[in-house]
Amino acid sequence: MREISHFIAGRAAAGTSGRFGEVFDPNLGEVQGRVALASTGELDMAVQAALAAQPAWAAINPQRRARVMFAYKRLVETRMDELAALLSSEHGKVIADSKGDIQRGLEVIEFACGIPHALKGEYTQGAGPGIDVYSMRQPLGVAAGITPFNFPAMIPMWMFGVAVAVGNTFILKPSEKDPSVPVRLAELFMEAGAEVGIDVAGVLNVVQGDKVCVDAILTHPDIAAVSFVGSSDIAQYVYATASAHGKRVQAMGGAKNHGILLPDADLEAAADDILGAAFGSAGERCMALPVAVPVGARTAEAFRELMVERIETLKIGVSSDSAAQYGPVVSAAHRQRITDYIQMGVDEGAELVADGRGFTLQGHEKGYFIGPTLFDHVKPSMRSYQDEIFGPVLQIVRADSFDEALALPSQHPYGNGVAIFTRNGRAAREFAARVNVGMVGINVPIPVPVAYHSFGGWKRSAFGDANQHGMEGVRFYTKVKTVTARWPEGEGSDQAFIIPTMG
């Protein structure tokens, strides 16, 4: 049986804890390997390796660190097919979606290639008589990332791409459900360093694990910053625990993203967009669009009809099927969770228009497949609406007016993303300004910002003050040092006993 180990100080490190987790093939419902689960001692080994490597890595000028990032980008691109197949085999998403997962991560690596420019500080000449003031951004030391199963390539690269480019070293704790791709990413980073003649051993480390490893990261005295993506309850726990131990924390939680359909929207185009946003990747993404809010009865009836037509044509298949639009969910437990939420919606009185329960794929009857599900007449008071289902389930919540539609995402406990579909520029502009959500799409169903902007939600979708990647990421992974320098001419009087001024 295949065994997935840690990657510490530039090489594979076999697990010594004696604890392992099973890694499944979601297409078959069978165990395909096992992953070592770290002890606190193994996590400390990785931290010590990162600590030892950090001073030399930070001392390399940003231009040379950028060369490592350029080489890394090329290497990941050349291994795209290999990485995507490996990712799909453990996650279950289709190959094209896995390539998108990797490409979205590479876009942050591309941003990190420009790190010399992003690290430029501020300078003021002549702030006072003979006085210059300047600032510099310096790395924190050792940073850590705790990443979820749904994007095993993208989210790690979102974190470590910026963190190492600015001069930190990094500990990555990926999901134990699909742990292989993060190890390959670390191996390729070693190859990138060798390609440009820089020793990067210990700069990027991967420690596999569960809650034991997570808690060790959150409390380790030598880890300066923690980035997390996962469920909101765990995000809140990560934020509270790591902050209490003096760390910088960015913790991204769950979501319940809404798509608002105004009466003037191009419903055909919107239905196509929402179909992919709701059911792509089997709904296992925090930027999925699981709630549609048509405004007015005519809009609702027309949209429902269009969605029923499209759902009937969806192709669900194994992850290697190039014709499949989505594959299985990640585990049997998660499939059961989704089916439980579908039953909850029925019990709460929502109208079940399309039922994905019981879907099977011939020859893969044990795979973790679930068909597309559509609810109509969902009410905001229903728990199935309030909670994040994280599966191929679309709920229609009807609204009578623009203000009622605006209130739904604004008052929802989550505030990650929202989209509005309309031809009315004034309405779109007002919606974007007023909605209480962190990321807004206008005729864009999945409003994930480009890599040089930043990603982050509001309310229970994010804990902490810093967003992912872009200049927000640079600020999160660095500390500012400000220098005030005086170069006096002639003899000066001793004014040290009074507060300095620039007059």
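The values are calculated or read from the model by the stated rules, or taken from the named source; none is laboratory data. Here the structure is a predicted model, which is why all the values come from computation and not from measurement. Note that each Cβ is placed from the backbone with ideal geometry, even for glycine, and that neighbours are counted across all protein chains shown. In case anyone asks, the SASA skips ligands and DNA or RNA and just uses the protein heavy atoms, side chains included. Shrake-Rupley method; radii C 1.70, N 1.55, O 1.52, S 1.80 Å.
Remarks
- Whole-percent carbon and sulfur share, accessible surface of the stretch 386-483, 1.4 Å: 49 percent
- Test item: Cα-centred dipole of the chain, Lys/Arg +1 and Asp/Glu -1 on Cβ, debye: 880 debye
- Compactness of the stretch 35-74 is given as radius of gyration and Dmax, 14.2, 37 Å, from Cα positions.
- With a cut-off of 15 Å between beta carbons, the residues surrounding Leu43 carry a summed charge of -2, where Lys and Arg count +1 and Asp and Glu -1.
- Taking amide hydrogens as placed 1.01 Å from N in the peptide plane, the amide H of Gly145 sits under 5 Å from those of Ile171, Leu172, Lys173, Ser227, each at least 5 positions away in sequence or on another chain.
- For the stretch 282-348, relative contact order (Cα pairs under 8 Å, six or more residues apart, normalised by length) works out to 21 percent.
- Each Cα pair under 8 Å and six or more residues apart adds its sequence gap; the mean of these over the residue count of the stretch 1-57 is a relative contact order of 35 percent.
- Estimated FRET transfer efficiency when R0 is 22 angstrom, pair Gln411-Ala297 (beta carbons, to 0.05): 0.50
- The orientation-averaged projection of the convex hull spanning the C-alpha atoms of the stretch 1-76 amounts to 7.1 square nanometres.
- Taking the convex hull of the alpha carbon positions in the stretch 94-195 and averaging its projected area over all directions gives 8.4 nm².
- The fraction of all Cα pairs in the stretch 453-493 landing in successive 10 Å bins from 0 to the largest distance is 23, 30, 15, 12, 14, 6, given as whole percents.
- Candidate residues Met382, Met344: accessible-area rank, largest first, probe 1.4 Å: Met344, Met382
- For the stretch 111-252, the equivalent ellipsoid derived from the alpha-carbon gyration tensor has semi-axes of 30, 21, 12 Å in decreasing order.
- Taking only Cα atoms of the chain, radius of gyration then Dmax in Å: 24.7, 90
- When the chain is described by a simple charge dipole with +1 on each Lys and Arg Cβ and -1 on each Asp and Glu Cβ, the residue from Val166, Ala270, His412 located farthest towards its positive end is Val166.
- Tensor-based shape of the stretch 45-147 (alpha-carbon gyration tensor, a/c under 1.5 rounded, otherwise prolate or oblate): prolate
- Estimated Rh, the stretch 337-417: Kirkwood, alpha-carbon pairs, angstrom: 13.8 Å
- Near-label residues of the stretch 382-416 by backbone N, under 15 Å of a point 7 Å along Cα→Cβ of Trp458: 406-416
- Once the gyration tensor of the Cα atoms in the stretch 359-503 is diagonalised, the equivalent ellipsoid follows with semi-axes of 51, 22, 15 Å, ordered largest first.
- Magnitude of the charge dipole, the stretch 1-110, Cβ model with Lys/Arg +1 and Asp/Glu -1, debye to 20: 540 debye
- The residues of the stretch 143-292 expose on average 23 square angstrom of accessible surface per residue, using a 1.4 Å probe on protein heavy atoms.
- The stretch 164-183 residues near the modelled Ala56 label - backbone nitrogen below 17 Å, point 7 Å along Cα→Cβ: 167-170
- Heavy-atom accessible area with a 1.4 Å probe sorts Met45, Met1, largest first, into Met1, Met45.
- Proximal charge balance of Ile171 [Cβ under 14 Å; K/R count +1, D/E count -1]: -2
- Loop sites in the stretch 430-491: GluC sites (Glu not before Pro), DSSP, at most 12 other Cβ within 10 Å: Glu489, Glu491
- Accessible surface of the stretch 51-98 [probe 1.4 Å, protein heavy atoms]: carbon and sulfur percent: 59 percent
- The stretch 298-389: GluC sites (Glu not before Pro) falling in loop per DSSP and having at most 12 other Cβ within 10 Å: Glu312, Glu365
- Accessible-area value, Phe390, 1.4 Å probe, nucleic acids and ligands omitted, Å²: 40 Å²
- Viscosity 1.567 mPa s, temperature 4 °C, Stokes-Einstein D of the stretch 222-275 from Kirkwood C-alpha radius, µm²/s: 94 µm²/s
- Placing unit charges on the Cβ atoms only, positive for Lys and Arg and negative for Asp and Glu, gives the stretch 36-194 a dipole magnitude near 340 debye about its Cα centre.
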